[in-house]
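Structure first, commentary second.
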Amino acid sequence: TQNRRVTCRQLLTDGSFLNLSDELCQGPKASSHKSCARTDCPPQITVGDWSKVRAICSVSCGVGTQRRKQVCQRLTAKGRRVPLGEMMCRDLPGPPLVRPCQMPACTKAKPETKTQPGEQGPQILGVQRVYIQTREEKRINLTVGGRAYLLPNTSVIIKCPVRRFQKSLIQWEKDGHCLQNSKRLGVTKSGSLKIHSLAAPDIGTYRCVAGPAWETEVLKLIGTDNRLIAPPALAESARPYPGMD
């Protein structure tokens, strides 16, 4: 906008002006500003406030995630903001749409263990943590017990620290199915799960099993537009991983 000062004044006989109060000038007062843009502004991304999201946190206890929405819009030459389709802003860098949130600690039921009186069963030392990858990295190390939002093509190692259990006997499951070693996926001698070059079929819930004890880790993938990549359809997810023996 362009701005100017509008005042009421009287022209005197000597050619000078005398400033007066606005009430002494008859007629409507001239506008003090006007729009100077001749064309619409390019598309831009705006985001909502974290505190105004319907679901403040994804969980009722422990560590979860908080999300907010983004809108693609354009500022017109007349000063109006007009919403646009998402495709108009797909190449624009956007702010983060997901962040961790902390709720009161959960009361976790202890798994049943078949032990003799006075003995203690296996224990998994999980870590309740939400990890969000914000830049490209070749490999990321995690500890089972939380949620991770990672970028595609990243390699990940999920550790499963245990007590009173032989590490070589640790087993891993994904979405309720036992995992088998392959060229992309395998379990180390120390019981850690290694996944090379994450892809959409790797999205899911992984469970480390140490006898009667278990702990989970949820893996999600973040797309180029800061949106979560949808997991494959059920029919496709039943197929083996690429390169799996």
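Worth pointing out:
- Relative exposure of HIS196, HIS33, judged by other C-beta atoms within 10 Å (fewest first): HIS33, HIS196
- Close amide H pairs (under 5 Å, H built 1.01 Å from N) link ILE140 with SER155, VAL156, ILE157, residues at least 5 positions away or on another chain.
- Calculated FRET efficiency for the pair LEU169/ILE229, C-beta based, R₀ 22 Å, to 0.05: 0.10
- The gain in end-to-end length when the ARG139 to THR7 segment is fully stretched comes to 40.8 nm, 0.36 nm per residue minus the alpha carbon separation.
- Whole-Hz ³J(HN,Hα) from phi, Karplus 6.51 cos²θ - 1.76 cosθ + 1.60, for segment 195-208, glycine and proline x: 10, 9, 6, 4, 9, 3, x, 7, 5, x, 10, 9, 10, 8
- If R0 is 35 Å, the Cβ-Cβ spacing of ASN153 and MET103 corresponds to a FRET efficiency of close to 0.65.
- Residues whose amide H comes within less than 5 Å of that of VAL162, counting only those at least five positions distant or on another chain, are LEU125 (H built at 1.01 Å from N in the peptide plane).
- Comparing ALA213, ALA148, ALA105 in a Gaussian network model of the chain, where Cα atoms under 10 Å apart are tied by springs, the biggest mean-square fluctuation is seen for ALA105.
- What the phi angles of segment 70-79 give under the Karplus curve with 6.51, -1.76 and 1.60, with θ = phi - 60°, is a coupling list of 10, 10, 8, 8, 9, 8, 7, 5, 8, x Hz, glycine and proline written as x.
Every number in this text was worked out from the coordinates using simple rules, so none of it is lab data. Since the model is a prediction, treat every value here as computed from it, not as a measurement. Cβ coordinates were reconstructed from backbone atoms using ideal geometry, including for glycine residues, and neighbour counts include every protein chain displayed.
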